[in-house]
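Here the structure comes first, spelled out in structure tokens, and everything after it is commentary.
The values are calculated or read from the model by the stated rules, or taken from the named source; none is laboratory data. A quick note: this is a predicted structure, and the numbers were derived from the prediction, not measured. Neighbour counts run over all protein chains shown; Cβ positions are idealised from the backbone, glycine included.
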Amino acid sequence: MTLISPPKSLDQLTGQEIEKKAAIGKIVTYTIGNLTSTYVKEGFQWLLPVVLSQSTDPLWPDPNASIETRIEVDIYGKPVRTMSSMIVHKLIAASTVYPKLFILAPNIRIEKSDRGKTGKHIYEFTQLDFEIQNATSQNVFTTVENALYLLIEGLKKDMKETLAAINRLDALPTLELPFKIFDRADLEAKYGETWEDDITSEITQPVWITNLPREFYDFEDFTTGKWDNYDLLMPKFGEVLSGSKREYDYHKIIKKMEQHGVRKENYSLIIQMAKEGRLKPSAGAGLGLERIIAYLTGVKHIAECQPFPRVPGIVHEL
Ligand code: AMP
Ligand code: MG
């Protein structure tokens, strides 16, 4: 893997660097505006995020997770954690009041310092996190494909000069829908352990990868051992989104939590709702906003898309 040096903070930028940062900023504004308006038009309700909660994503056992510190403090006599994702909140919200929802959710994940040089990791980022009650994986694929198609076509039309200024006008392909779908097990058989990097360097269009063993809330077919979940990989870039059809069966959830050694006391509400049959089937995903913007802008380090870079291992004053 090539190691990427971290970007400068705002006060250190000069001349052309300021111009480039400003151009990326315009792509960020356009992207947030375009994606949120597509989701609203598609009938999603826009929820504002929470930042501290007793229950958050265990990020375990996702083989891609690498967390150095989990932030936990006591407030009002109760322990709360900074949000690593809003998965638990999404499942309960989609099961009750908001059957089709999205959130621009800030996530804090104190990634190990060596991830500061991958160019793909930051320790504070934002997900466009969405969930749809009674949906299938296919519904999620269609939603995401449509949103990304409109985003890229919109950028090419409305942000032509800005894209040209950062040499990205010709780099972005017109998306061909639907995206191809690959099973992780087949890729592993073909490429071995490096399947993700290999397929990322080969593709010229985004692809879906399904059947990825990971957290308890992703749906696993216990008879076949197959997972009904997915990642979206962008060509020459890699993962920008993860999601799944969700588990809602009480016995399966408990079994997986026990298998994974997840602390059930942090998930009593979702367990209780599943037990009472109040957790509804749903499917959803989280699109890493900085990741998709890093792909669109072609920056070397994802933190170049942040006004205040959050590079693992580096803490600036701002
Ligand atoms: P996950 O469910 O853990 O895959 O997270 C959802 C999405 O958030 C990923 O597909 C990435 O696009 C994004 N993401 C996760 N971790 C990071 C990170 N450390 N830095 C930037 N984006 C991230
Ligand atoms: Mg992922």
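Scanning the range 64-81 for residues that are more than 11 Å from ligand 1 (Cβ to nearest atom) and either farther than 16 Å from residue 123 by Cα or among the hydroxyl-bearing types (Ser, Thr, Tyr) (or both) yields 69, 73, 74, 75, 76, 77, 78, 79, 80.
Here residue 275 fulfils each of the conditions (1) of a type in the set (Lys, Arg); (2) touching a strand residue (DSSP E or B) at 6+ places or on another chain (Cβ under 8 Å); (3) surrounded by fewer than 17 Cβ atoms within 10 Å (Cβ to Cβ) apart from (2). For the range 165-182, the criterion of being more than 18 Å from residue 238 (Cβ to Cβ) and among the basic types (Lys, Arg) is met by none of the residues.
Can you tell me how many residues within the range 121-137 are closer than 26 Å to residue 29 by Cα and crowded, with 18+ Cβ neighbours inside 10 Å?
11
In this structure, does residue 210 turn out to be modelled with pLDDT of 95 or more, away from ligand 1 (no atom under 16 Å from the Cβ) and β-branched (Val, Ile, Thr)?
Answer is no for this residue.
What pairs come up if the first residue lies in the range 73-88 and is closer than 29 Å to residue 245 by Cβ, the second is small (Gly, Ala, Ser) and in a helix (DSSP H, G or I), and their beta carbons are under 9 Å apart, counting only those six or more places apart or on different chains? Listed pairs, sorted by first residue: 86/93. For the range 41-64, does any single residue satisfy the condition of being under 21 Å from residue 290 (Cβ atoms), of a type in the set (Val, Ile, Thr) and not in a loop (DSSP other than H, G, I, E, B)? Taking every residue of the range 41-64 in turn, none turns out to be under 21 Å from residue 290 (Cβ atoms), of a type in the set (Val, Ile, Thr) and not in a loop (DSSP other than H, G, I, E, B). Among the residues of the range 77-126, the ones that are out of contact with any Asp or Glu (no Cβ under 6 Å at 6 or more places or on another chain), part of a strand (DSSP E or B) and over 20 Å from residue 300 (Cα atoms) come to 8 in all.
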